[in-house]
Amino acid sequence: MKSSFLKGQNLLVHLQQSMAEHAQASAFCIADRYYTYQQLLQEVGNARFVLRKREEDNIGLVVNDDLYTYASILALWMEGKSYVPLHPLWPMRRCEDIIEQVGLKTVINSRNDGVSFASTDVLYPENFEPHHHSFFDSISYDEDKLAYILFTSGSTGRPKGVAITIGNVAAFEESFFSLGIELTQNDRCLQMFDLTFDMSVGSYVAPLLCGACVYTIAPGSIKWQEVFRLIDDYEITEAQLVPSVIHYLRPYFDEIDAPAMRYVLFAGEGLPAEDVKLWQKCVPNAKIWNVYGPTENTVYSTYYLLPHDNVREVNGIVCIGKDMKHVQTLIIDDNNIPLPQGEMGELCLSGRQLTPGYWRNSEKNNEAFFTLNGHRWYHTGDICSVDTSGEIMYYGRKDSQVQIQGYRVELSEVEHVARRYFNNAVNVVALPIDDGNGNVAIALAIEAEKQNDDDELMSYLRQYLPSYMMPSRISYINPFPLNTSNKIDRKLIKQMV
């Protein structure tokens, strides 16, 4: 794709033109049903007519897997508004906490399922009156307007909102296509991510800019099984995946033959070198990248194009490569002093993709961002180094944050909720463990005598935590071991559980 918005045309105008130019082509395949760009265009127009009557800038969106939901996102952007995703499978209390933090007055829900949220109006897109002409109204493009606020796991026990502007998204798309990816109307692109996860933005915006078709996977599905099916049934040509997917698929690699695949990008967690070397044989004609980036820097920040041999890795994890077009990287020590090549330290990010900050959270902003040499930088919390070729090597997390199924999880949030169950009367430690398949799971250690039944505790946790944050193992250790500094010895507890 020779994208015209790379040459000065704004992102939203390009999306608008792409839908009009590819009207008869398929825009989405959702639950094995195709929808054309013409249908998408009509739903965007209908939604714009309704949304322009809403005065607020931030709108809640129940992120169902349907055309209405994707059309609502585009309509919100074109009306200068942002979406705040609410997962249909999240506990109601978590959704209401997000609604309260942002002060949402309106929530869009494409499924008229009777679910209501306190102090909000609920809009149902399927009931919007046809107003197709409004789609072609002019777009007021302001790069500083928010595109979305994604709530990620928070260390205080409350999710924290990452605010991303439409200018951040446009900068990311320029960085994405600068990798040399060229999509056309003939491409079939996988979108496996829930819309509460920023890799979804990377998966649906680029294809829509090019007139390609987006193949989605519904929330609650067994992701790796659906990835296998869609690649096999529809000859997918471009896919953005989390590494755990191919780890689960390894037993089936002999059955996967995908010569149509042209591009694969891995992100969301460390990419095991051995898994991807075997995957290369399944997609013999594909270019494969390992890309890295936190939500705070808009989807992907660095890239590494994998060769067919001599893959750069450290501790079995593929390197994360070099800066994308609109990203600057820096390795620092604990005093924010830049480190020389080869030394390990914390990776920091700057540039056009960087978030303006966490939503109404000055304390977290002061912790996460700093200024150096006139540039604003973000502390990723990831330990990295730069090798002699200029490639960034990834070693792991600096803090207690872990990656589970591509989601970033603060273990302290799990601990906070569990302690609340015990009225904060006992110590609780959440630990990352191997689930037996080489993936990360959570073990919960409790400083108390063994309970006869953990069902009540698990039921309580489900009220506040999404499924990927639920512990897979509960252990009781009384008392907790202490280290020489009289602090709880987490390393020893991990060995014990």
Among the lysines, which have Cα under 17 Å from the Cα of residue 105 when same-chain residues fewer than 8 positions away are ignored?
-> 53, 81
Compute the acute angle (0 to 90°) between the alpha-carbon long axis of helix 223-234 and the principal axis of greatest extent of the alpha-carbon atoms of the chain; round to the nearest 10°.
-> 30 degrees
Could you work out the helix-only [θ] at 222 nm for the chain, with each DSSP H run of four or more residues adding -39,500 (n - 2.57) and the total divided by the number of residues, to the nearest 500 deg cm²/dmol?
-> -8000 deg cm²/dmol
Per residue, how much space in cubic angstrom lies within the convex hull of the C-alpha atoms of the stretch 282-328?
-> 108 Å³
What does the accessible area of residue 331 come to, in Å² to the nearest 10, when a probe of 1.4 Å is used?
-> 20 Å²
Would you mind computing, in nm to one decimal, how far apart the modelled labels at residue 437 and residue 33 are, each placed 7 Å from Cα along Cα→Cβ?
-> 3.0 nm
Which length gain, in nm to one decimal place, applies between residue 20 and residue 420 when the Cα-Cα distance is subtracted from 0.36 nm times their residue separation?
-> 138.7 nm
Evaluate the distance, in nm, between pseudo-label points positioned 7 Å from the Cα of residue 472 and of residue 491 along their respective Cα→Cβ axes.
-> 2.4 nm
Calculate, in nm to one decimal, what residue 54 and residue 129 gain on full extension: separation in residues at 0.36 nm each, minus their alpha carbon distance.
-> 25.4 nm
May I ask you to evaluate 6.51 cos²θ - 1.76 cosθ + 1.60, the Karplus curve with θ = phi - 60°, for each residue of the stretch 373-380 and list the ³J(HN,Hα) values in order in whole Hz, giving x for glycine and proline?
-> 6, x, 10, 8, 10, 10, 6, 7
Lysines within cross-link reach of residue 277: Cα-Cα under 18 Å, excluding same-chain residues under 8 positions apart?
-> 287
What range in the chain is the longest one free of trypsin sites (Lys or Arg not before Pro) that are in a loop by DSSP and have at most 14 other Cβ atoms within 10 angstrom?
-> 54-359
Set the Förster distance to 25 Å, then compute FRET efficiency between residue 105 and residue 462 from the Cβ-Cβ distance, nearest 0.05.
-> 0.30
Could you give the nm distance between label points at residue 328 and residue 309, where each point is 7 Å from its Cα heading toward the beta carbon?
-> 4.0 nm
For the chain, report the accessible area per residue in Å² (1.4 Å probe, heavy atoms, rounded to an integer).
-> 41 Å²
Alpha carbons only, please: Rg and Dmax for the chain, in angstrom.
-> 22.6, 71
Rounded D (µm²/s) - the stretch 66-163, Kirkwood Rh over Cα pairs, Stokes-Einstein at 4 °C, 1.567 mPa s | 87 µm²/s
Could you check how many percent of all C-alpha pairs in the stretch 12-80 are farther apart than 18 Å?
-> 36 percent
Angle in degrees between helix 166-177 and the longest Cα principal axis of the chain, rounded to the nearest 10 | 90 degrees
Could you give the angle, 0 to 90 degrees to the nearest 10, between helix 92-102's Cα long axis and the longest principal axis of the Cα atoms of the chain?
-> 70 degrees
At q = 0.13, 0.15, 0.18 1/Å the base-10 log of I(q)/I(0) from the Debye formula over the alpha-carbon atoms of the stretch 1-135 is -0.57, -0.75, -1.02
Accessible area in the full protein assembly, largest first, 1.4 Å probe, for 326, 416 = 416, 326
Once phi is turned into ³J(HN,Hα) by the Karplus curve 6.51 cos²θ - 1.76 cosθ + 1.60 with θ = phi - 60°, what whole-Hz value does each residue of the stretch 193-209 show in order, with x for glycine and proline?
-> 9, 5, 6, 8, 10, 5, 5, 5, 4, x, 8, 10, 6, 4, x, 5, 5
Can you tell which of 220, 252, 335 lies farthest toward the positive end of the dipole of the stretch 220-349, using +1 and -1 charges on the Cβ of basic and acidic side chains (Lys, Arg; Asp, Glu)?
-> 252
Taking DSSP loops as anything outside H, G, I, E and B, show the longest stretch in the chain free of GluC sites (Glu not before Pro) there with at most 10 other beta carbons within 10 Å.
-> 56-448
Taking the convex hull of the alpha carbon atoms in the stretch 310-390, what volume per residue do you get, in Å³?
-> 119 Å³
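The values are calculated or read from the model by the stated rules, or taken from the named source; none is laboratory data. From a predicted model like this one, the values you see are computed outputs, not experimental measurements. Counting neighbours? That spans all protein chains shown, and the Cβs are built from the backbone with ideal geometry, glycine included. Ligands, DNA and RNA are stripped out before the accessible areas are found, and what is left, the full protein with its side chains, is counted by its heavy atoms. Shrake-Rupley method; radii C 1.70, N 1.55, O 1.52, S 1.80 Å.
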